[in-house]
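K.L.:
Before anything else, here's the structure in question.
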Amino acid sequence: MKINIIGGGPAGMYFAILMKRADAAHDITVYERNGPDDTFGWGVVFSGKTLANLSAADEESHAEVTRSFAAWDNVDVVHRGEKISIHGNSFSGIARLQLLKILQRRCKQLGIELLFRTEVADIEALRTNCDLLVAADGVNSTARKQYAGKFGPSLDYRPNRYIWFGTNKLFHGLTLTFLENETGVFAAHSYKFNQTTSTFIIECDPQTWDAAGFATMNDEETRQYLEKVFAKDLAGQPLLSNNSKWLNFLLVKNANWSFENAVLLGDALHTAHFSIGSGTKLALEDAIALFDCFNKQASLRGALEEFETTHKPVIEAYQAAAQDSMRWFENARDYMNLSPIELAYSLMTRSGRVDREDLKRRDPKFIARYEAERNAYTGTAGVPPANGTRSH
Ligand SMILES: Cc1cc2nc3c(=O)[nH]c(=O)nc-3n(C[C@H](O)[C@H](O)[C@H](O)COP(=O)(O)OP(=O)(O)OC[C@H]3O[C@@H](n4cnc5c(N)ncnc54)[C@H](O)[C@@H]3O)c2cc1C
C-alpha cells in the first residue's frame, strides 16, 4: 500500500511505524513542515495503561521511551500554601522533543521516508497519489479545514486561557497549584519530565485574565508577571519560555472520521483537555487503534469504517470525562472556599472516573484524613462534600 501521512508528530510517525513493521512492502512517506529538531512544548505525560499499550504495539520504541522516563505515583494539590499528596497513581513524563527523536529514529530504522521542512500545500494532489492519506496535521489541521464538508468538524474555543512554560524547579509528581491574588484565580499544572526540567502550564478564567491586564502585556511581561504570582512555588527558579503564548483550549470533534481514502488522526481528529492527560497519549492510542483495524479488515474502506465504529465510543467517553475536568478548572474560583483536603478530594473525583473507593484503594491515608477532617466538621461519617459550598 502507498501511504502518505501529513504531520510528523506522535500520531503520524507512530502509525507509520506500526504499519511498516507489520509489512515492509508498504511505501510510507511522512511530510513534516518543521525540521527534525524544531519543536514546541515541554514534557508529555503517559499513564501506566498507555505504556502497556505502547509495549504491546512496538516494544523497541517502548523500551527507548521508558529508558528516558521520569516516573511518579503522586498527585500533589497545593491550596492556601498547603500541599496534599495523593499516592497510588501511575504517571510518567518525557520531553516532547525526546519522544519525537525516538520515533524519528525508529521510522528511519524501518525504512519510512521522513520529509522534513516540507509543507503540504496541495493536499488533494497528495490524496489522489496514494492508497491511504492520513491527516495527522495537528489541532489546526489544514486537511480538516479543506475537507470540512466531508469530516463535519465542530470546533469549540473554550473561555479559559492557558500558557505552557518550562522551569528548572522539579515537581516530583503531577502538581496542581491554586493561587488567588487581587485579580482572581490561577491554576498551575506541573510535572517533572527529566532530571532538570518540569512542564509548568498556567491556566486562568477570562475575568482573571482581563483583570491582570494580559491583553496589553508582551510575552516577556507576561512571563515575569506569572513568575511573580508563583514565585514561592517556583522556589526562585524562573519560568522558561519557548515562544510561550496564551491560548484558548480548542475542543475538536468530527462527525465523520474518514472519507474515500483519507482519515484524520490525533489532534486533527479530536482533542481532550490537558488536565486529564496529554494529547500525545491519545495520538499514540489512535495510531494503535487504526493499525489494529488494518490488521482485521481486508479492504481499506472496511478498516477506516471499523476505526470510526470501534474507536469513536472510546474517544467520546474520554472526551466526556475530559469535559467534566475542563469545566472544573473553568469554574475553579467556585472551589477556592474549600479547605485544602476538600479541594484535593473534589479535584481527584472531578471527572467522575475516580470515586471514593478508588481513592481508598490507591491511598487509604488520604481518604482517612479527608473523612476525619470532614467528620470533625459535620459530625457525620463518609459523606463527600458538596463542591464549593463550605469554607474552613
Ligand atoms: C503550544 C503547545 C504546546 C504543547 N506542549 C505540550 C506539552 O508540553 N506536553 C504535551 O503533552 N502536549 C503538549 N501539547 C499538545 C500536544 O502537542 C498534542 O496533543 C500532541 O502532540 C498530538 O499529536 P499529533 O501528532 O496529533 O499532533 P502534533 O504533535 O501537533 O503534530 C502535527 C504535526 O503536523 C505538522 N503539520 C501541520 N500541518 C502541516 C502541513 N500542512 N504540512 C506538513 N506538516 C504539517 C506540524 O508541524 C506537526 O509537527 C502542546 C500543544 C501546543 C499547541
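The values are calculated or read from the model by the stated rules, or taken from the named source; none is laboratory data. Here the structure is a predicted model, which is why all the values come from computation and not from measurement. Using ideal geometry, Cβ is built from the backbone for each residue, glycine included, and neighbour counts are taken over all protein chains shown. SASA here: full protein model, heavy atoms, side chains in, ligands and nucleic acids out. Shrake-Rupley method; radii C 1.70, N 1.55, O 1.52, S 1.80 Å.
K.L.:
With the structure loaded, tell me whether Thr142 is within 9 Å of the ligand (Cβ to nearest atom), β-branched (Val, Ile, Thr) and in contact with a helix residue (DSSP H, G or I) (Cβ under 7 Å, 6 or more places away or on another chain) or whether it fails that test.
P.N.:
Criteria met by Thr142.
K.L.:
On to the next question. Restricting to the stretch 172-186, name every residue that is open to solvent by 20 Å² or more (accessible area, probe 1.4 Å), in contact with a helix residue (DSSP H, G or I) (Cβ under 9 Å, 6 or more places away or on another chain) and within 29 Å of Ala71 (Cα to Cα). Reasoning before the result, please.
P.N.:
So in the stretch 172-186, the residues open to solvent by 20 Å² or more (accessible area, probe 1.4 Å) come out as 172, 174, 179-183.
Subset that is in contact with a helix residue (DSSP H, G or I) (Cβ under 9 Å, 6 or more places away or on another chain): 179-183.
Listed by number, the list holds a single entry, Leu179.
K.L.:
I need the full set of residues from the stretch 258-270 which are open to solvent by 10 Å² or more (accessible area, probe 1.4 Å) and either free of Cβ contacts under 8 Å to residues at least 40 places away in the same chain or not in a strand (DSSP E or B) (or both), in order please. Walk me through it before giving the result.
P.N.:
Residues of the stretch 258-270 open to solvent by 10 Å² or more (accessible area, probe 1.4 Å): 258-261, 267.
Answer for the stretch 258-270, where residues must be open to solvent by 10 Å² or more (accessible area, probe 1.4 Å) and either free of Cβ contacts under 8 Å to residues at least 40 places away in the same chain or not in a strand (DSSP E or B) (or both): Glu260, Asn261, Asp267.
K.L.:
Looking only at residues that are open to solvent by less than 50 Å² (accessible area, probe 1.4 Å), within 14 Å of the ligand (Cβ to nearest atom) and not aliphatic (A, V, I, L, M) in the stretch 101-138, which one is nearest to Phe15 (Cα to Cα)?
P.N.:
Among those that are open to solvent by less than 50 Å² (accessible area, probe 1.4 Å), within 14 Å of the ligand (Cβ to nearest atom) and not aliphatic (A, V, I, L, M), it is Cys107.
K.L.:
Select the strands (runs of 3 or more DSSP E) contained entirely in the stretch 112-201, then report the ones holding at least 2 residues which are among the hydroxyl-bearing types (Ser, Thr, Tyr).
P.N.:
Numbers: elements: 113-115, 132-135, 153-167, 174-181, 184-192.
Result: 153-167, 174-181, 184-192.
K.L.:
With the condition being within 16 Å of the ligand (Cβ to nearest atom), touching a residue at least 24 places away in the same chain (Cβ under 8 Å) and surrounded by 22 or more Cβ atoms within 10 Å (Cβ to Cβ), I'd like the strands (runs of 3 or more DSSP E) fully within the stretch 1-83 carrying at least 2 qualifying residues. First the steps, then the outcome.
P.N.:
Details: elements: 2-6, 27-31, 43-47, 70-72, 75-79.
Qualifying strands (runs of 3 or more DSSP E): 2-6, 27-31, 43-47.
K.L.:
Name the pairs: first residue in the stretch 148-159 and within 20 Å of Ala136 (Cβ to Cβ), second residue assigned to a strand (DSSP E or B) and open to solvent by 60 Å² or more (accessible area, probe 1.4 Å), Cβ to Cβ under 6 Å, at least 6 apart or on different chains?
P.N.:
Partner pairs satisfying both residue conditions: Ser154/Lys253.
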